[in-house]
1. Scan (1) farther than 28 Å from Y403 by Cα; (2) in a loop (DSSP other than H, G, I, E, B); (3) touching a Leu at 6+ places or on another chain (Cβ under 8 Å) for the single condition V123 breaks and write down its number.
2. Could you give every pair whose Cβ atoms fall below 6 Å, whose first residue belongs to the stretch 70-92 and is closer than 17 Å to W199 by Cβ, and whose second residue is within 13 Å of ligand 1 (Cβ to nearest atom) and in a helix (DSSP H, G or I), counting only separations of at least 6 or pairs across chains?
3. Considering every residue within the stretch 315-323, establish whether at least one is open to solvent by 30 Å² or more (accessible area, probe 1.4 Å), over 23 Å from the mean Cα position of the chain (by Cα) and modelled with pLDDT of 90 or more.
4. For the stretch 130-180, which residues satisfy the criterion of being aromatic (F, W, Y) and within 16 Å of ligand 1 (Cβ to nearest atom)?
5. Does the stretch 139-156 contain at least one residue that is farther than 26 Å from R433 by Cβ and open to solvent by less than 20 Å² (accessible area, probe 1.4 Å)?
6. Quick check on L270: is it open to solvent by less than 50 Å² (accessible area, probe 1.4 Å), closer than 26 Å to D446 by Cβ and of a type in the set (A, V, I, L, M)?
7. Can you tell me how many residues in the stretch 189-207 are touching a residue at least 40 places away in the same chain (Cβ under 8 Å) and open to solvent by 10 Å² or more (accessible area, probe 1.4 Å)?
8. When you look at A375, is it part of a helix (DSSP H, G or I), of a type in the set (A, V, I, L, M, F, W, C) and open to solvent by 30 Å² or more (accessible area, probe 1.4 Å), yes or no?
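The values are calculated or read from the model by the stated rules, or taken from the named source; none is laboratory data. Just so it is clear, the structure is predicted and the values come from calculations on it, not from any experiment. Virtual Cβ from ideal backbone geometry, glycine too; neighbours counted across all protein chains shown. Just so you know, the surface numbers come from the protein's heavy atoms only, side chains and all, with ligands and any DNA or RNA stripped out. Shrake-Rupley method; radii C 1.70, N 1.55, O 1.52, S 1.80 Å.
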Amino acid sequence: MADTVAPAQTVPFVSTDEIRTRFSRAMSDMYRNEVPQYGTLLELVAQVNEACLQARPELRQAMQGSGELERLNLERHGAIRVGTAQELATLRRLFAVMGMEPVGYYDLSVAGVPVHATAFRPVSDEALHSNPFRVFTSLLRLELIADAQLRERAQQILSRRNIFTARALELIAGFEAAGGLSERQADEFVREALETFRWHSEATVDFETYTSLQNAHRLIADVVCFKGPHINHLTPRTLDIDAIQAAMPQRGINAKDVVEGPPRRECPILLRQTSFKALQEPVHFSDHVGSHTARFGEIEQRGVALTRKGRQLYDELLSRVRSMQGAGSSAPDYGQRLAQTFGEFPDSHERMREEGLAFYRYRLTDAGRAHAREALQALDGDPAHGLHALVNRGWATAQPITYEDFLPVSAAGIFQSNLGGQEQRHYQAHAARQTFERDLGAATHDELALYEQAQQRSVEGMVQALQAQVKAQVKAQEKKPQTT
Ligand code: OOG
Ligand code: NI
């Protein structure tokens, strides 16, 4: 086997989309072996999705139209937690090989979890369509460990580990230098990169160190005491999360009590998630055999991406429900109160469009093409108004743009329910986006801007098609006198 990275020009590159798909498949196979309940969950999700599509032909048609039907079965997100700036920055380079870029900044310290995070994911329409694989990646904020001695100890332990294989680093550098990987290099990269995400049952520390870090925060022990940032869950996407939540106990899966996110609606928004409890796994410490809870299962249902205005309304309603007397998400009537409070959030795409609450991809219909001139005129004034007019007349369709990101309150709920302990921590921290981006070695994309651009591209495409249509009509008109 060659131990250098072959020169670029001699072989064609494999696309970053293809490398991402190979990697997410390999990851899924690895996780199925490591966590057998994940396999059970995949079967359940496949059944529920199929039943859902059969029962709702209009949903199948809509998903076919938006290209989402094809991606549904391979769609996954995972999560990892790292300990140092260098680990984070190298992960950014590793994910770039698969066409994944950092999107969004999540501060979880406000929810008592001493990390901040971003999501690596594809950003272009085509890449998302091909495979939207995402990895929620958190960086431990060591400065939030109050005990200086313990903090230093954690730092020392982390500075000794290397979470990447030598060959993975070589291939990343080769990709950066040449602009791509060959067929053979791509497969090798997938194998080597996978090593970083694998579970290691040998801890790098003795039991006492583990215990003191665990007492500072369970998450700190999870990040610091192992050889690598084991993938801690891999989430399939379902079309009906309530059906899954109800079916999990029948399959012997211990589900979390509530579904995080918005309530069930006619027109799903953002993201709803639920998970099953983490497994107790045997761990070999340097001086003791113990156990650790790291890996769990999660399922999600995705809906339309919200505009800034829509998101503000979502955040406001959610915090209203969560701050009600005794109505935190553990209250028995939480679901009811959630549904009731969200009655204020319009539940039709027409109203969400009219009120500028969500993002849509606009497409011209045949009828629209036939009325090209009038359609262009309608779009000439207030664009939002023009778009409604087009959709109302059947000249354009508006497809909801799927939310591709995460929700900090939900993420915190998922973290909490899977750390195993009941204790709550409070940090006097504040968001530290700049520090995070410095550690990452790059700025994170603003997710709202990405959705806005996707919507805008679709409108521009429509305008261009209409202009071309009008031009063609004019040409046809000019030709008429000569031919008759
Ligand atoms: C990440 C939890 C966040 C989600 O879906 O919100 C997450 C973690 O536990 O490391 O994956
Ligand atoms: Ni997740």
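1. Checking V123 against (1) farther than 28 Å from Y403 by Cα; (2) in a loop (DSSP other than H, G, I, E, B); (3) touching a Leu at 6+ places or on another chain (Cβ under 8 Å), the one that fails is (1).
2. These pairs meet every condition: R81/V223; G83/V223.
3. Kept after step one, since they are open to solvent by 30 Å² or more (accessible area, probe 1.4 Å), are these residues of the stretch 315-323: 315-316, 319-320, 322-323.
Of the ones still in play, those that are also over 23 Å from the mean Cα position of the chain (by Cα) are 320, 322-323.
Next, from what is left, pick out any that are modelled with pLDDT of 90 or more: 320.
Taking every residue of the stretch 315-323 in turn, at least one turns out to be open to solvent by 30 Å² or more (accessible area, probe 1.4 Å), over 23 Å from the mean Cα position of the chain (by Cα) and modelled with pLDDT of 90 or more.
4. If the condition is that a residue be aromatic (F, W, Y) and within 16 Å of ligand 1 (Cβ to nearest atom), then F133, F136 are the ones that fit.
5. Within the stretch 139-156, not a single residue is farther than 26 Å from R433 by Cβ and open to solvent by less than 20 Å² (accessible area, probe 1.4 Å).
6. Details: open to solvent by less than 50 Å² (accessible area, probe 1.4 Å): yes; closer than 26 Å to D446 by Cβ: yes; of a type in the set (A, V, I, L, M): yes.
In short, yes.
7. So the first thing to find is which residues in the stretch 189-207 are touching a residue at least 40 places away in the same chain (Cβ under 8 Å), and the list is 189-191, 193-194, 196-199, 201-207.
In the following step, the residues that additionally are open to solvent by 10 Å² or more (accessible area, probe 1.4 Å) were identified as 190-191, 194, 198-199, 201-204, 206-207.
Within the stretch 189-207, residues that are touching a residue at least 40 places away in the same chain (Cβ under 8 Å) and open to solvent by 10 Å² or more (accessible area, probe 1.4 Å) number 11.
8. Details: part of a helix (DSSP H, G or I): yes; of a type in the set (A, V, I, L, M, F, W, C): yes; open to solvent by 30 Å² or more (accessible area, probe 1.4 Å): no.
The answer is no for A375.
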